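Peer 1: One structure is given below, represented as structure tokens, and several questions about it will come after.
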Amino acid sequence: MKLLREIFSLAIMASALLISSCDNADNESNATKVQNKAVTYYTIDGVWCLEEWNDAPLAEGTLLYIDLDRKDHRFEMWDNLNSMYPTMCSGGFMLSKDDMQRDIISGWYDYSVGDWGDDYIVELNAEGDRMIWSAVSSDEKMSFVEVDTFPKF
């Protein structure tokens, strides 16, 4: 009877060890998977600075800042991509999903200037402080980092 109890105790300990090692393996594999933050009007609200364009840093002195307003679905953008000095433009934007359930941002400019040149697939990193826009119909890719405010121009 004593031998049977010892065997039973060993079997329980071995089972517990096996279960805990499987659980740890699952936790390790889940820890290595990076979950992007959900893209919503709330999570993209704020001021973003363009850091990279097509996987290359912006040229020195070049800037683009965009302020996305979640409540009114409006944006204000300052850039000097086509000018020596920063210029401001504004408009509206909307989020949607495409057929593959990817998050899409599209927009239009105020003052009858028209729609954005493309729609963009939007991704946020797990912390929600880095945003990638990949054009739907071209190879254009923009990497933004969240900042507190626009610089003083």
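Peer 1: When you scan segment 80-88, do you find a residue that is of a type outside the set (Ser, Thr, Tyr) and touching a helix residue (DSSP H, G or I) at 6+ places or on another chain (Cβ under 6 Å), even just one?
Peer 2: Initially, segment 80-88 is screened for residues of a type outside the set (Ser, Thr, Tyr), giving 80-82, 84, 86, 88.
Imposing the further condition that a residue be touching a helix residue (DSSP H, G or I) at 6+ places or on another chain (Cβ under 6 Å) reduces the set to none.
The answer is no; no qualifying residue exists.
Peer 1: Just one of Asp129, Asp69 is under 14 Å from the mean Cα position of the chain (by Cα) and either at pLDDT below 95 or under 25 Å from Phe153 (Cβ atoms) (or both); which is it?
Peer 2: Working: Asp69 fails: under 14 Å from the mean Cα position of the chain (by Cα).
Exactly one of Asp129, Asp69 is under 14 Å from the mean Cα position of the chain (by Cα) and either at pLDDT below 95 or under 25 Å from Phe153 (Cβ atoms) (or both), namely Asp129.
Peer 1: Name the residues in segment 122-151 that are of a type in the set (Val, Ile, Thr) and farther than 16 Å from Leu68 by Cα, would you? Walk me through how you get there before you give the answer.
Peer 2: In the first step, residues of segment 122-151 are kept if they are of a type in the set (Val, Ile, Thr); the result is 122, 132, 136, 145, 147, 149.
If the condition is that a residue be of a type in the set (Val, Ile, Thr) and farther than 16 Å from Leu68 by Cα, then Val136 is the only one that fits.
Peer 1: Sticking with this structure for a sec: Does segment 71-95 hold any residues that are basic (Lys, Arg) and within 17 Å of Asp110 (Cα to Cα), and which are they?
Peer 2: The one that is basic (Lys, Arg) and within 17 Å of Asp110 (Cα to Cα): Arg74.
Peer 1: Same structure, new question: All but one of (1) surrounded by 12 or more Cβ atoms within 10 Å (Cβ to Cβ); (2) part of a loop (DSSP other than H, G, I, E, B); (3) polar (S, T, N, Q); (4) out of contact with any Leu (no Cβ under 8 Å at 6 or more places or on another chain) hold for Ser134, so report the exception by its number.
Peer 2: (2)
Peer 1: Among the residues of segment 140-150, count how many are under 18 Å from the mean Cα position of the chain (by Cα) and open to solvent by 40 Å² or more (accessible area, probe 1.4 Å). Working first, answer last.
Peer 2: Pass one, segment 140-150, residues under 18 Å from the mean Cα position of the chain (by Cα): 140-148.
In the following step, the residues that additionally are open to solvent by 40 Å² or more (accessible area, probe 1.4 Å) were identified as 140-141, 146-148.
Residues meeting the conditions: 5.
Peer 1: Now a separate question. Scan segment 140-153 and tell me whether some residue there is in contact (Cβ under 8 Å) with a residue 24 or more places away in the chain, farther than 18 Å from Cys49 by Cβ and not β-branched (Val, Ile, Thr). If you could, list the steps in order and put the result at the bottom.
Peer 2: Applying the first criterion (in contact (Cβ under 8 Å) with a residue 24 or more places away in the chain) to segment 140-153 yields 140-151, 153.
From the residues that got through so far, the ones that are farther than 18 Å from Cys49 by Cβ too are none.
Within segment 140-153, none of the residues are in contact (Cβ under 8 Å) with a residue 24 or more places away in the chain, farther than 18 Å from Cys49 by Cβ and not β-branched (Val, Ile, Thr).
The values are calculated or read from the model by the stated rules, or taken from the named source; none is laboratory data. Only a predicted model underlies this, so the values are computations on that prediction, with no experimental measurement involved. Neighbour counts run over all protein chains shown; Cβ positions are idealised from the backbone, glycine included. When the accessible area is computed, the model is the full protein with side chains, heavy atoms only, and any ligands, DNA or RNA have been set aside. Shrake-Rupley method; radii C 1.70, N 1.55, O 1.52, S 1.80 Å.
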